[in-house]
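Note sheet for the following structure.
Only the coordinates and a few stated rules stand behind these numbers; no lab work does. Predicted, not measured: the structure shown is a model, and the values here were computed from it. Heads up, the Cβs are rebuilt from the backbone with ideal geometry, glycines too, and the neighbour counts pull from every protein chain shown.
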Amino acid sequence: MGRTLVTEVVQTFNCSPDELWPVFGPGWASLKLWMPGVKSCSLSPPNVEVGAVRSVIVKGNQLSERMIRYDPDDYFTEYLVLDPHPYPVKGLYGNTRLERNGENGTKITWWADADEADEEGIKVAGPYLTSLFESGLGSLHKLLEA
C-alpha cells in the first residue's frame, strides 16, 4: 500500500529551476535564511547527500530529517522526518519538486505524505504543515523580489 497525502502546496516563481535549485538542493540546510520560525538548522555530514541528517528547530519543535532522495537532474528532494516528531502520523516524508513553468518560471510543489495517517492525524498535521510550507514559500518569494 502507498503513502497517504497529508498536504500539498504549489506555488510559481518568476525564475528558472536552475536559479531556485540551490535553495532546495545544495541549500537544504539553509532553511534559517528564508523559512519563518526556524531558529536553527544544521546538517550532518555537512554535504547534502542521501543519508545526511538535517536538524531543525522550528516553531518550538526540534526535528531531525534524513535525506532519502536527492536528484539534481530532476530538481527533486525527499526526506524522512525521524521519530520522535510532534505530528500524529507515522513515517512522515517531505518532498519538493521544481518544474519549469513557461519560458523562465518555476512551479514548486512541496508536499508531505505518510506511511500511516488516519483522518484525525491528517486533520492535525495537514493544516500545520500547509501553513509551514506556504509561509516558507511566501517568504522565499519576498526574498527573491527584494
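Tell me the GluC sites (Glu not before Pro) within region 1-59 that lie in a loop according to DSSP and have at most 15 other beta-carbon atoms within 10 Å.
Counting only loop positions with at most 15 other Cβ atoms within 10 Å, the GluC sites (Glu not before Pro) in region 1-59 are 49.
By what distance, in whole Å, do the Cα atoms of region 1-65 stretch along each of the three principal axes, largest value first?
For region 1-65, the Cα extents along the three principal axes come out at 34, 31, 26 Å.
Would you mind computing, in nm to one decimal, how far apart the modelled labels at residue 83 and residue 32 are, each placed 7 Å from Cα along Cα→Cβ?
2.9
Rg and Dmax in Å for region 28-96, alpha carbons only: what are they?
Answer for region 28-96, Rg first and Dmax second: 11.7, 34 Å.
For region 95-146, which GluC sites (Glu not before Pro) are both in a DSSP coil and crowded by at most 16 other Cβ atoms within 10 Å?
103
Helix 119-145 versus the longest principal axis of the chain: what is the Cα-based angle in degrees, 0 to 90, to the nearest 10?
20
Under 23 Å between alpha carbons, and skipping anything fewer than 8 positions from residue 123 in its own chain: which lysines qualify?
Leaving aside lysines fewer than 8 places away in the same chain, those within reach of residue 123 are 59, 90.
Taking 7 Å along the Cα-to-C-beta vector as the label spot, tell me the residue 131-residue 71 distance in nanometres, rounded to one decimal.
With each label point 7 Å from Cα toward Cβ, the separation is 3.2 nm.
For all pairs of alpha-carbon atoms in the chain, what percent lies in each bin of width 10 Å, listed from the first bin to the last filled one?
12, 43, 37, 9, 0
What nm distance separates the two modelled labels at residue 109 and residue 123, each placed 7 Å from Cα along Cα→Cβ?
So the two model labels end up 2.8 nm from each other.
For residue 142 and residue 15 in one chain, what is 0.36 nm times their gap in residues minus the Cα-Cα distance, to one decimal in nm?
So the chain would gain 44.4 nm between residue 142 and residue 15.
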